[in-house]
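First the structure, in the form of structure tokens, and then the observations on it.
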Amino acid sequence: MTGTAEPVAGTQSATTWSADEMMSIAASRALRDGQACFVGIGLPSTAANLARRLHAPRLVLIYESGTLDTTPAELPLSIGDGILADSALTVVSVPEIFNYWLQPGRIDVGFLSGAQIDRLGNINTTVIGEYDEPAVRLPGSGGAPEIAASCREVIVVMRHRLRAFVEQVDFVTSVGHGSGRGDRELLGLRGAGPVRVITDLGVLEPDPDTAELVLTALHQGVTVEQVRAETGWPLQVAADLVITAPPSTTELETLRSMRTVGEKGTS
Amino acid sequence: MAKIVPLPQAVSELVHDGDTVALEGFTHLIPFAAGHEIIRQHRRDLTLVRMTPDLIYDQMIGAGCASRLVFSWGGNPGVGSLHRMRDALATGWPVPLEIEEHSHAGMANRYVAGASGLPFAVLRGYSGTDLPHHTDTISTVQCPFTGERLAAVAALNPDVAIVHAQRADRDGNVQLWGITGVQKEAVLAARRSLATVEEIVDELTPVPGAVVLPGWVLDAVATAPGGAAPSYAHGYYERDNAAYRAWDAISRDREAFLRWRRTIEEAA
């Protein structure tokens, strides 16, 4: 469970890449062929679609709009783009996707992002500041609380910034490890919760005893000091800290070839 | 039995000031034409219900139609924030907005309870989150068989539900397919309902997996070709992602928004 380097598609290492590209590629490597993955929009969607094009052609992608086992040729801009329905094995209603497919624990991996994550992997997508007088109003929960509660495991992908990696989130939208190891069980949550947080700097994983997020991998060229400077709690570093394998040319070229639906050269 | 009427008449008869109104359509088939007609008819003090408020509620909130919003994810999907919604929450412009906030699973199950004629629904969610502290339609219930504590959510029964669909026949039977969201549940949960459709046909051609809302569960059907744009109608036209991106700049600026609103008023 520590951050061993995942198998890398292709053999050639690329020469230059951005931190965001490294993050998407590292996140794609965390998904295994044949898994069923409940995908959030944005970074998780990019990484999941990349994985399907590389080492996991039979990755089952599920979006909360009800598209089951979808294989979009381009990245969707939204979780309900027509391309997701057109390329899906089937499309079901929103009550069905949550009640029949997600809630009973049929989904292997929930792939989430957030505005804030804390030391114990709890995620905030609701407000920064007080709920009634927020400094920033965020979109809210969407499907995330139940994805975090019910998937067998959760992988989080988000940019590593001091304002985002906080000691304690301002609002618990989605439960990670609650108040510590064992809390999920007390709360009646059935999935294992976040098993890995993949960022543009490295990878964090929960400590087996305390569930506190610990740095287990650094992306190439990043230092522990850099990660600590962007983390809002005294970050522990795993004894067997590894360096993430750099992107292969295949990975990077595939990522760069992926376009968002309707992009057509504009932003 | 559904009456087939022009959209302005349907809105005028079915949507009243102070009503709880649900315009549903999960990314797909969002009833934009009906929402714009509500703006044109200057409805006020509405409780707007919708899982994903999207651009249509940003527009209606900016136009001053709403005093309350019940929702589970309020953003411009894939683009950013809903700035009219944020402005109303933060500064009360043009009128103050209260919110009642759920998760998607919570909202979906509230509609299911409403459609089922039950007072509440249960789900294994919300536990450990901060949402129940701020939303009084979330509670807990003990399973009478196993003793497990589960989340309970109050049924949602809007005064009016409005959906957009591909087509209807002359008896007002409505056929809808693609991403079907919670439209069926919203219509069956509501006291009154309106479906806008791309076209009215003599006979409905069967479509595998299509939802059919029989004319006798609807109050009115109105033709509104292109009525879901800039969202999309599967089999008719695609989602206009550029319009979603362009809304960001309009929505950020009150003057730009007011100019946009005049184009809607004049399009009557």
Original post:
If you take the residues in the stretch B:128-161 that are in a helix (DSSP H, G or I) and either surrounded by fewer than 19 Cβ atoms within 10 Å (Cβ to Cβ) or more than 10 Å from every other protein chain (Cβ to nearest Cβ) (or both), which one is farthest from the chain's Cα centre (by Cα)?
Top reply: B:133
Subject >> Residues of the stretch A:176-201 classified as under 22 Å from residue A:102 (Cα atoms), assigned to a loop (DSSP other than H, G, I, E, B) and in contact with an Asp or Glu (Cβ under 8 Å, 6 or more places away or on another chain), total >> reply: 6
**OP:** Check B:215, B:172, B:125, B:209 and return the single one that is touching a residue at least 24 places away in the same chain (Cβ under 8 Å), surrounded by 24 or more Cβ atoms within 10 Å (Cβ to Cβ) and touching a strand residue (DSSP E or B) at 6+ places or on another chain (Cβ under 9 Å).
**Re:** B:125
Subject >> Residues of the stretch B:105-122 satisfying the condition of being open to solvent by 40 Å² or more (accessible area, probe 1.4 Å) and within 23 Å of residue A:178 (Cβ to Cβ) >> reply: B:122
Original post:
Restricting the search to the stretch B:35-65, which residues are open to solvent by 10 Å² or more (accessible area, probe 1.4 Å) and not in a helix (DSSP H, G or I)?
Top reply: B:41, B:42, B:43, B:44, B:45, B:47, B:52
**OP:** Return a yes/no flag: does the stretch B:87-97 have any residue that is crowded, with 24+ Cβ neighbours inside 10 Å, within 11 Å of chain A (Cβ to nearest Cβ), among the hydrophobic types (A, V, I, L, M, F, W, C) and within 15 Å of the chain's Cα centre (by Cα).
**Re:** no
Original post:
Taking the stretch B:179-194, which residues are of a type outside the set (Val, Ile, Thr) and open to solvent by 10 Å² or more (accessible area, probe 1.4 Å)?
Top reply: B:184, B:185, B:188, B:190, B:191, B:192
**OP:** Output the residues belonging to the stretch B:1-34 that are under 20 Å from residue B:183 (Cβ atoms), assigned to a helix (DSSP H, G or I) and either open to solvent by 20 Å² or more (accessible area, probe 1.4 Å) or in contact with a strand residue (DSSP E or B) (Cβ under 6 Å, 6 or more places away or on another chain) (or both).
**Re:** B:7, B:10, B:14, B:33, B:34
**OP:** Might you check whether a residue that is open to solvent by 10 Å² or more (accessible area, probe 1.4 Å), out of contact with any strand residue (DSSP E or B) (no Cβ under 8 Å at 6 or more places or on another chain), assigned to a helix (DSSP H, G or I) and within 14 Å of chain A (Cβ to nearest Cβ) occurs anywhere in the stretch B:256-267?
**Re:** no
**OP:** Quick one: count up the residues across the stretch A:88-130 that are open to solvent by less than 30 Å² (accessible area, probe 1.4 Å) and in a loop (DSSP other than H, G, I, E, B).
**Re:** 9
Original post:
Under the condition of being farther than 20 Å from residue A:72 by Cβ and free of Cβ contacts under 8 Å to residues at least 24 places away in the same chain, which residue from the stretch A:236-266 is most open to solvent (accessible area, probe 1.4 Å)?
Top reply: A:239
Subject >> In the stretch B:66-80, residue farthest from the other protein chains (Cβ to nearest Cβ) [restricted to those that are over 16 Å from residue B:250 (Cα atoms) and either open to solvent by less than 10 Å² (accessible area, probe 1.4 Å) or part of a loop (DSSP other than H, G, I, E, B) (or both)] >> reply: B:66
Subject >> Complete set of residues in the stretch A:138-153 that are surrounded by fewer than 24 Cβ atoms within 10 Å (Cβ to Cβ) and within 15 Å of residue B:52 (Cβ to Cβ) >> reply: A:138, A:139
**OP:** Give just the number: which of (1) closer than 22 Å to residue A:80 by Cβ; (2) away from chain A (no Cβ under 14 Å) does residue B:24 not satisfy?
**Re:** (2)
Original post:
Hey, does the stretch B:106-117 have a residue that's assigned to a loop (DSSP other than H, G, I, E, B) and either among the aromatic types (Phe, Trp, Tyr) or away from chain A (no Cβ under 11 Å) (or both)?
Top reply: yes
**OP:** Filter the strands (runs of 3 or more DSSP E) completely within the stretch A:23-83 down to those with at least 2 residues that are surrounded by fewer than 24 Cβ atoms within 10 Å (Cβ to Cβ) and within 14 Å of chain B (Cβ to nearest Cβ).
**Re:** none
**OP:** Could you check, for the stretch B:87-105, whether at least one of its residues is among the polar types (S, T, N, Q) and not in a loop (DSSP other than H, G, I, E, B)?
**Re:** yes
Subject >> Of all residues in the stretch A:235-256 being of a type outside the set (A, V, I, L, M) and part of a loop (DSSP other than H, G, I, E, B), the one that is nearest to residue A:216 (Cα to Cα) >> reply: A:244
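The values are calculated or read from the model by the stated rules, or taken from the named source; none is laboratory data. Owing to the predicted nature of the structure, the values given are computational and were not obtained by experimental measurement. Glycine also receives a Cβ, built like all others from the backbone with ideal geometry; neighbour counts cover every protein chain displayed. Accessible surface areas use protein heavy atoms only, side chains included; no ligands, DNA or RNA. Shrake-Rupley method; radii C 1.70, N 1.55, O 1.52, S 1.80 Å.
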